[in-house]
1. Just to be sure, is Ala36 in a helix (DSSP H, G or I), under 24 Å from Ala128 (Cα atoms) and touching an Asp or Glu at 6+ places or on another chain (Cβ under 9 Å)?
2. Here is a check on your reading of the model: is Glu69 out of contact with any Cys (no Cβ under 9 Å at 6 or more places or on another chain), in a loop (DSSP other than H, G, I, E, B) and either at pLDDT below 95 or closer than 25 Å to Gly129 by Cβ (or both)?
3. Taking the stretch 83-106 as the search range and keeping residues that are hydrophobic (A, V, I, L, M, F, W, C) and buried (at least 17 other Cβ atoms within 10 Å of the Cβ), which one is modelled with the lowest pLDDT?
4. Does at least one position in the stretch 16-33 carry a residue that is closer than 24 Å to Asp125 by Cβ and part of a loop (DSSP other than H, G, I, E, B)?
5. Do we find that Asp68 is within 12 Å of the chain's Cα centre (by Cα) and free of Cβ contacts under 8 Å to residues at least 40 places away in the same chain in this structure?
6. Could you check, for the stretch 7-15, whether at least one of its residues is at pLDDT 90 or above, of a type in the set (D, E, K, R) and closer than 18 Å to Ile130 by Cβ?
7. Which of (1) within 14 Å of the chain's Cα centre (by Cα); (2) closer than 14 Å to Phe7 by Cα is the odd one out, the single condition Met91 does not satisfy?
8. Can you tell me how many residues within the stretch 107-131 are closer than 15 Å to Pro46 by Cα, of a type in the set (S, T, N, Q) and free of Cβ contacts under 8 Å to residues at least 24 places away in the same chain?
Amino acid sequence: MKKKLLFVCIENSNRSQMSQAFAKILGGKDVEAYSAGSKPSGIVNPKAIAAMKELGYDLSEHDSKSLDEVKAFAPFDAVVTMGCGDACPWMPAKKFIDWQIPDPKNMEPAAFNEVRDLIKSKVADLIAGIQ
C-alpha cells in the first residue's frame, strides 16, 4: 500500500516543492507525494528549479497549488508543514509533523542548497520511519 504524503508551506514555491520532489525520488513507487500552500504564489521559484536540476530532478514540471487543490487526495499518512504554524489549516491525516525549515526564497545559491540538502535529509528520515 502506497504511503500518501502532503508537504505544506505558505507559498508552495520552495520548501514544500522540494520536499515533494525528494519524496518522489527517495520513495519511488511506494510513495505518493503532494505539495500545497496556504497562500500559494502561483509559481515555483526559479532558484528551487535550479537547485533541484543540479540533482537531476526537473522541478519545472511542478505547479504551485492551494490546499483546496490537493484535498481530494486526503486522507494522508502524514502532513508535513514547514514551520508555517497557524497559517497551515488542518487536513485529514494519520500524522502531523512540523519541520522548522527557514524559507530559502531570498537566499544566495549556496545557502539555498543547504536548505535543499536539509529537506532531503528530513524526507529520507520521514520515509524510513513510515515504511
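The values are calculated or read from the model by the stated rules, or taken from the named source; none is laboratory data. Computed from a prediction, not measured in an experiment: that's the story for all the values here. As a convention, Cβ positions derive from the backbone with ideal geometry for all residues, glycine included, and neighbour counts pool all protein chains shown.
1. Working: in a helix (DSSP H, G or I): no; under 24 Å from Ala128 (Cα atoms): yes; touching an Asp or Glu at 6+ places or on another chain (Cβ under 9 Å): yes.
Spelling it out, it is not the case that Ala36 is in a helix (DSSP H, G or I), under 24 Å from Ala128 (Cα atoms) and touching an Asp or Glu at 6+ places or on another chain (Cβ under 9 Å).
2. Numbers: out of contact with any Cys (no Cβ under 9 Å at 6 or more places or on another chain): yes; in a loop (DSSP other than H, G, I, E, B): no; either at pLDDT below 95 or closer than 25 Å to Gly129 by Cβ (or both): yes.
Considered against the rule, which asks whether it is out of contact with any Cys (no Cβ under 9 Å at 6 or more places or on another chain), in a loop (DSSP other than H, G, I, E, B) and either at pLDDT below 95 or closer than 25 Å to Gly129 by Cβ (or both), Glu69 comes out as no.
3. At the first step, the residues of the stretch 83-106 found to be hydrophobic (A, V, I, L, M, F, W, C) are 84, 87-88, 90-91, 93, 96-97, 99, 101.
After this cut, where a residue has to be buried (at least 17 other Cβ atoms within 10 Å of the Cβ) as well, the list is 84, 88, 91, 93, 99, 101.
Details: Cys84: 65, Cys88: 60, Met91: 83, Ala93: 89, Trp99: 93, Ile101: 93.
Checked the stretch 83-106; the qualifying residue modelled with the lowest pLDDT is Cys88.
4. Pass one, the stretch 16-33, residues closer than 24 Å to Asp125 by Cβ: 16-33.
Adding the requirement that they be part of a loop (DSSP other than H, G, I, E, B) leaves none.
No: zero hits.
5. Working: within 12 Å of the chain's Cα centre (by Cα): no; free of Cβ contacts under 8 Å to residues at least 40 places away in the same chain: yes.
Taking the combined requirement at face value, the residue does not satisfy it.
6. Among the residues of the stretch 7-15, not one is at pLDDT 90 or above, of a type in the set (D, E, K, R) and closer than 18 Å to Ile130 by Cβ, which makes the answer no.
7. Going through (1) within 14 Å of the chain's Cα centre (by Cα); (2) closer than 14 Å to Phe7 by Cα one by one, Met91 breaks only (1).
8. 0
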